[in-house]
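K.L.:
First the structure, then my questions, so here it is.
Just so it is clear, none of the values below were taken in a lab; they were calculated from the coordinates. These numbers were taken from a predicted model, which means no experiment stands behind them. Reconstructed Cβ throughout: ideal geometry from the backbone, glycine too, with neighbour counts over all protein chains shown.
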């Protein structure tokens, strides 16, 4: 995959990888079980990508427009402590993250997939969409992943960022 130099330049500055949940961490489907609980599916490669990002020193955070015990469990499993649920105005949670970690817009990559994500996508240094997103979301993004939401898109973006930052080998050297 050939990535434009503008995208690589944007990725070099990233210190925080911000994720939407439904449609990014998952494929967007929610299954309700007979007991009223929900079931979500997460891609193990995305989880490993998040671990690689953290190992390389990137912060990872999640902003979701919904509340979900399953998402809380997955975030805890991945060591993600910056989790904002029921964030119907994602910009408010985003600004709290910037303040908390003393970051600038240019230091944030955000992966989103729907209209609710556009205000944050317009602000961040590296705006990313998944290919299932509506055209308007894709047009707002600097980069559209080849992999789908919940199907490796996060891992793809982590690899792009870490290679741009020249941190890929450091994050993966224990495996070679």
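K.L.:
Alpha carbons only, please: Rg and Dmax for the stretch 5-175, in angstrom.
P.N.:
14.9, 50
K.L.:
Among 122, 151, which comes first, then next, by fewest other beta-carbon atoms within 10 Å?
P.N.:
Listing 122, 151 from fewest to most nearby Cβ atoms yields 122, 151.
K.L.:
Let me see the pair-distance distribution of the stretch 57-148: every alpha carbon pair, 10 Å bin width, integer percents in order.
P.N.:
17, 47, 35, 2
K.L.:
Can you tell me the length gained on complete extension of the stretch residue 9 to residue 146, counting 0.36 nm per residue apart and subtracting the Cα distance?
P.N.:
47.4 nm
K.L.:
Return the whole-Å distance between the Cα centroid of the stretch 1-30 and the Cα centroid of the stretch 55-119.
P.N.:
If you average the Cα positions of each part, the centres end up 12 Å apart.
K.L.:
Using only C-alpha positions, report the orientation-averaged shadow area of the convex hull of the stretch 112-176, nm², one decimal.
P.N.:
4.8
K.L.:
Which angle from 0 to 90°, rounded to the nearest 10, does the C-alpha axis of helix 44-55 make with the longest principal axis of the chain?
P.N.:
50
K.L.:
Still on this structure, please answer the following. Take the Cβ-Cβ distance between residue 115 and residue 95 as r, set R0 to 22 Å, and report the resulting FRET efficiency rounded to the nearest 0.05.
P.N.:
Taking R0 as 22 Å, the efficiency between residue 115 and residue 95 is 0.70.
K.L.:
Counting only DSSP beta bridges with both residues in the chain, tell me the antiparallel percent, nearest 5.
P.N.:
Restricted to the chain, the bridges split so that about 10 percent are antiparallel.
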